[in-house]
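Laboratory data are not the source of any read-out in this text; all were calculated from the coordinates shown. Since the model is a prediction, treat every value here as computed from it, not as a measurement.
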Amino acid sequence: MNWFKIYIRSSLHVALAVSALVGITANEFDIKILKYFYFFIFFSTIAGYNFVKFVSIYKSSKHEISLSLKLIQLISVIAGLFFYFQLSEVSIVFVLFLAILTFLYANPLHKNKNLRNLTGLKISIVALVWASITVVLPILNENIELLNKNVWLSFIQRFLFVFILTLPFEIRDLKFDDSTIETLPQRLGVCKTKLIGTFLLIVVLVLEFYKDEINKNHLYSLALITPILFLFFLFLKKMNQNITPHFG
């Protein structure tokens with residue numbers, strides 16, 4: 001059994017990434033987040049992300065999903081629900097809204113169109129959900145004032161950061177994406193998409209200096225990741241080979 005393949009296909013790496021972003025928010029705003037919250041983020045991310053990835057597979061028999069993935073999904077759903085009800089009341093409502101948004105992202109609304117396939121919305125919805133989960137939710141759960149300049153600047157930074165991280169995947173998959181989705185690379189081309197990503201990287205970094213109080217650790221981390229992401233944009237190319245999907 002290839003444990004690394006299971007790790008990747010079950011979205012454990014995504015769940016760890018989302019949990020790490022929550023940790024960054026906790027560090028930036030000096031929030032002491034309890035373990036149950038991290039457990040909720042971890043398991044609900046696996047459940048939600050895999051639902052989006054495999055919902056079309058569940059509805060068809062084109063590919064078989066392995067028993068290991070089914071077990072991980074089942075455990076994640078049960079654990080996610082358990083920790084969900086330990087959140088504050090306002091957080092429970094907020095997460096329900098995000099869950100509905102995620103459901104509509106993957107399931108058809110009208111004429112086989114879901115939010116994922118609506119023109120230009122795909123990347124923005126992903127960024128909105130990630131920013132909401134990793135910035136707004138931990139602050140909301142700790143009853144910290146949301147109407148705070150620093151909170152919303154961090155929210156915008158996180159939204160743009162996830163937006164930027166998604167661009168390389170859209171460039172990579174340009175040859176295989178449905179043309180009706182109209183991703184940025186489809187509409188503007190690879191070169192302009194890279195320029196937009198680079199510009200947004202600069203915006204994310206500059207926004208840090210508009211906060212009332214600058215967290216040096218957060219600033220240093222941004223200063224480190226910005227050139228790394230720039231290099232990804234610089235050397236990224238479209239995939240020119242066929243991709244065979246794997247779900248086992």
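Our coupling estimate for the range 215-222, obtained by passing each phi through the Karplus curve with A = 6.51, B = -1.76, C = 1.60 and θ = phi - 60°, is 7, 4, 4, 5, 5, 5, 5, 5 Hz, Gly and Pro reported as x.
3J(HN,Hα) along the range 29-45: 9, 6, 9, 8, 8, 6, 4, 4, 5, 4, 4, 4, 4, 4, 6, 5, 5 Hz, from the Karplus curve 6.51 cos²θ - 1.76 cosθ + 1.60 with θ = phi - 60°, whole Hz, x for Gly and Pro.
Sequence-ordered 3J(HN,Hα) estimates for the range 124-133 from the Karplus curve with 6.51, -1.76 and 1.60 and θ = phi - 60° stand at 5, 5, 4, 5, 5, 5, 4, 5, 5, 5 Hz, glycine and proline given as x. When the pairs Lys122/Lys149; Lys53/Lys216; Lys32/Lys216; Lys192/Lys216; Lys5/Lys53 are compared against a 25 Å limit on Cα-Cα distance, Lys122/Lys149; Lys53/Lys216; Lys192/Lys216 fall above it.
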